[in-house]
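The values are calculated or read from the model by the stated rules, or taken from the named source; none is laboratory data. In this text the structure is predicted, and so the values were computed from the model without any measurement. All Cβ positions, even for glycine, are placed from backbone atoms using ideal geometry, and neighbour counts span all protein chains on display.
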Amino acid sequence: MPLLTKAVTLSSLFSSGFAVLLTLTSHNISANTTLDISDPGNELPAEFDQFRHLENPVPPDDYSQVDKALFEGQDPGSVDLEGNPPPQPRNAAVSQASSSTPVPLDNCVLQDRVLQFEAIFSSTTVIRRAGLRLFASPMTLCDGYGDGPINPLDDRTLLGNRPVLQNPQTPFLRLHGLDAQACLECHNVKSNRVIPATFAVGGSGPSSASPFPMMTRYDGTDPDTSGVVEAPAELNESARAINPPGMFGAGGIALLAKEITLDLQNLLDTAEANPGNVVALNSHGINFGTIVCTGPGSCNGQNIEGLTNNLDTQDPGAALQDLTEILIVRPFSRKGSFTTSRAFDLEATKFHMGMQPVEEVDYFTDPDGDGVSNELFVGELSAMSLYLEGIEPPEITSPLSDEASAGKETFNAIGCADCHIPTLITRNRFLPFSFPQVDSDPLQNIYRVLNLQNHGFPASGFGSGVRVDLFSDLKIHDMGPGLAEANGNSRFTTARLWGVSDSAPYMHDSRALTLRDAILFHDGAGANAKANFAGLSAAEQHNLLVFLGSLRSPANPNIGL
């Protein structure tokens with residue numbers, strides 16, 4: 001049985017039950033009208049406030065080994081808790097872990113294993129410190145790094161069956177994964193604006209850290225002397241070079257995505273309950289188009305905007321269908337593929353390191369045949385997500401200089417802020433973490449929350465939310481052929497500009513080495529703003545670039561860890 005079908009919620013351990021998805025009040029409207037609910041979020045209570053008691057949960061007194069099996073995603077009825085217990089830490093000392101841990105000279109790096117029980121009930125600092133350590137741990141063959149023996153009859157591009165570089169003893173490939181021992185290797189730059197660069201765990205990556213998913217062959221010739229390598233057909237169809245982004249402020253992004261998703265799902269309920277009426281998809285001041293339904297699970301989503309990328313996600317057309325899995329904001333990855341950092345890490349650890357999370361492959365199994373089971377525990381993915389989504393957000397230099405202030409006005413005037421929305425406000429300050437995750441319902445299976453006001457996000461000034469100065473609308477836009485990947489896909493989630501001053505190089509594939517280049521590479525949905533920038537005077541362009549230069553990385557990321 002797959003692990004996710006075995007996992008349980010914590011409702012049996014906490015007195016207050018978990019809320020079901022909140023729905024909007026029914027509207028009495030006539031048929032074939034447009035139901036334009038301007039930002040339904042303003043009508044809803046602070047959904048996550050009810051979970052504030054999970055910020056530092058107290059372990060239950062009657063905790064048992066059976067509970068531990070459930071926490072770790074196992075079925076107690078099928079596990080011999082005496083003869084074959086749930087996986088235990090090699091050295092159960094997560095609470096004793098320091099901020100700096102020596103790498104063993106001749107042993108597995110993962111010494112202090114983290115159980116889900118510890119991820120839930122350890123102090124915030126302790127479990128986030130454990131997550132930082134995991135994020136920075138250089139995995140070895142002992143820990144499960146790499147793929148197992150090659151089966152020549154299977155697809156060599158599949159994870160677990162990838163070739164390696166030079167000889168069987170070399171565990172790395174570089175193209176199509178097996179390209180890093182630790183997450184830190186791609187996310188480590190605090191600022192590339194100073195010489196020498198400064199570094200911080202969770203930062204962006206230099207051009208040398210760009211991964212290359214889907215590449216299966218490489219041909220370095222240039223027979224037509226075009227200056228561009230001629231690649232084989234299968235490479236051109238799928239090649240993707242990825243510029244590693246910084247993870248600073250990930251919690252604010254995740255909370256916005258969860259709140260907007262709740263709104264979109266509520267609006268879907270409204271559309272299904274009001275057949276024939278066009279429902280506007282508005283949330284947090286952002287419009288995601290419209291939908292119209294004939295009944296439950298029978299909706300037309302052809303006018304949805306900014307939620308699909310035509311490649312990784314089913315694209316809603318004119319045919320009537322269930323839109324539940326479409327009306328979800330997935331802000332992690334440049335293509336709108338993952339709802340949370342945990343969802344991203346599940347794929348990234350497999351792709352980059354060949355580490356297999358047990359929540360996907362189950363405990364005591366070895367699908368890649370490398371001789372190692374239990375490579376990443378449920379609690380270890382939880383600890384990493386609590387770490388990543390608790391990192392402080394980027395900052396805006398204050399006060400702005402006269403040049404930067406003028407540049408900010410120009411930024412708004414020429415249309416940059418239409419997509420790079422400077423500030424979005426959450427309704428809540430409590431960011432929930434769930435296992436297992438249900439992308440369409442962020443209120444399910446919540447085991448813990450972080451109060452984002454304790455992690456660098458300022459209060460919004462009204463209500464119970466926080467201000468997120470991310471400079472993005474979290475939508476996917478078609479950026480035109482000028483920015484298309486080799487496979488022709490030109491749809492990308494609006495890049496977040498906070499911290500952009502420090503995170504060179506730019507664009508999805510590191511093609512822009514300066515901010516000016518990044519602006520002038522815009523195409524498609526960004527073509528007008530690019531043309532407007534090009535038409536500015538030299539002084540106006542300078543001021544706008546000075547304003548972008550004020551969007552800095554956090555001064556002290558990972559403070560206290």
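Residue under question is SER464, and the condition is that it be closer than 23 Å to ALA197 by Cβ, polar (S, T, N, Q) and out of contact with any His (no Cβ under 7 Å at 6 or more places or on another chain); does it hold?
Here the answer is no, as SER464 does not meet what is asked.
Just need a number here: residues in the range 412-437 that are assigned to a helix (DSSP H, G or I) and surrounded by 23 or more Cβ atoms within 10 Å (Cβ to Cβ).
Residues flagged as assigned to a helix (DSSP H, G or I) and surrounded by 23 or more Cβ atoms within 10 Å (Cβ to Cβ) within the range 412-437 amount to 1.
Within the range 284-311, take every residue that is polar (S, T, N, Q) and without any contact (Cβ under 8 Å) to a residue 60 or more places away in the chain and give me the one that is surrounded by the most Cβ atoms within 10 Å (Cβ to Cβ).
Among those residues, the one meeting the criterion is ASN300.
Could you please find all residues in the range 342-364 being at pLDDT below 90 and either of a type outside the set (A, V, I, L, M, F, W, C) or part of a helix (DSSP H, G or I) (or both)?
If the condition is that a residue be at pLDDT below 90 and either of a type outside the set (A, V, I, L, M, F, W, C) or part of a helix (DSSP H, G or I) (or both), then ASP362, TYR363 are the ones that fit.
Part of a loop (DSSP other than H, G, I, E, B) and at pLDDT 95 or above: which single residue out of SER510, SER472 fits that description?
SER472
Out of curiosity, is ALA271 touching a residue at least 40 places away in the same chain (Cβ under 8 Å) and assigned to a strand (DSSP E or B)?
no
So which residues in the range 142-161 are under 29 Å from LEU388 (Cα atoms) and free of Cβ contacts under 8 Å to residues at least 24 places away in the same chain?
LEU158
Filter the range 98-125 down to residues that are of a type in the set (A, V, I, L, M) and buried (at least 17 other Cβ atoms within 10 Å of the Cβ) and give me whichever is modelled with the lowest pLDDT.
Taking the candidates together, the pick is LEU115.
Assess whether GLN181 counts as being touching a Phe, Trp or Tyr at 6+ places or on another chain (Cβ under 8 Å), farther than 23 Å from SER204 by Cα, in the same structural domain as LEU381 (by TED's automatic domain parsing) and touching a residue at least 12 places away in the same chain (Cβ under 8 Å).
no
I need the full set of residues from the range 112-145 which are among the basic types (Lys, Arg) and over 16 Å from THR349 (Cβ atoms), in order please.
Answer for the range 112-145, where residues must be among the basic types (Lys, Arg) and over 16 Å from THR349 (Cβ atoms): ARG128, ARG129.
Any residue in the range 439-454 that is among the basic types (Lys, Arg) and surrounded by fewer than 19 Cβ atoms within 10 Å (Cβ to Cβ)?
So far as the range 439-454 goes, no, none of its residues is among the basic types (Lys, Arg) and surrounded by fewer than 19 Cβ atoms within 10 Å (Cβ to Cβ).
Quick check on MET353: is it in contact with a Phe, Trp or Tyr (Cβ under 6 Å, 6 or more places away or on another chain), over 20 Å from GLY251 (Cα atoms) and crowded, with 21+ Cβ neighbours inside 10 Å?
It is true that MET353 is in contact with a Phe, Trp or Tyr (Cβ under 6 Å, 6 or more places away or on another chain), over 20 Å from GLY251 (Cα atoms) and crowded, with 21+ Cβ neighbours inside 10 Å.
Limited to the range 482-507, what total is found for residues that are farther than 26 Å from THR397 by Cβ and either in contact with a Cys (Cβ under 9 Å, 6 or more places away or on another chain) or not in a strand (DSSP E or B) (or both)?
Within the range 482-507, residues that are farther than 26 Å from THR397 by Cβ and either in contact with a Cys (Cβ under 9 Å, 6 or more places away or on another chain) or not in a strand (DSSP E or B) (or both) number 9.
Need the failing condition index for LEU386 against (1) outside any helix (DSSP H, G or I); (2) under 14 Å from ALA119 (Cβ atoms), just the number.
Of the numbered conditions (1) outside any helix (DSSP H, G or I); (2) under 14 Å from ALA119 (Cβ atoms), the odd one out for LEU386 is (1).
Give me a count of the residues in the range 393-411 that are buried (at least 22 other Cβ atoms within 10 Å of the Cβ) and assigned to a loop (DSSP other than H, G, I, E, B).
2
Whether any residue in the range 202-220 is in a loop (DSSP other than H, G, I, E, B), of a type in the set (Gly, Ala, Ser), in contact with a Lys or Arg (Cβ under 8 Å, 6 or more places away or on another chain) and not assigned by TED's automatic domain parsing to the domain that holds ARG511 is what I want to check.
So far as the range 202-220 goes, yes, one or more of its residues are in a loop (DSSP other than H, G, I, E, B), of a type in the set (Gly, Ala, Ser), in contact with a Lys or Arg (Cβ under 8 Å, 6 or more places away or on another chain) and not assigned by TED's automatic domain parsing to the domain that holds ARG511.
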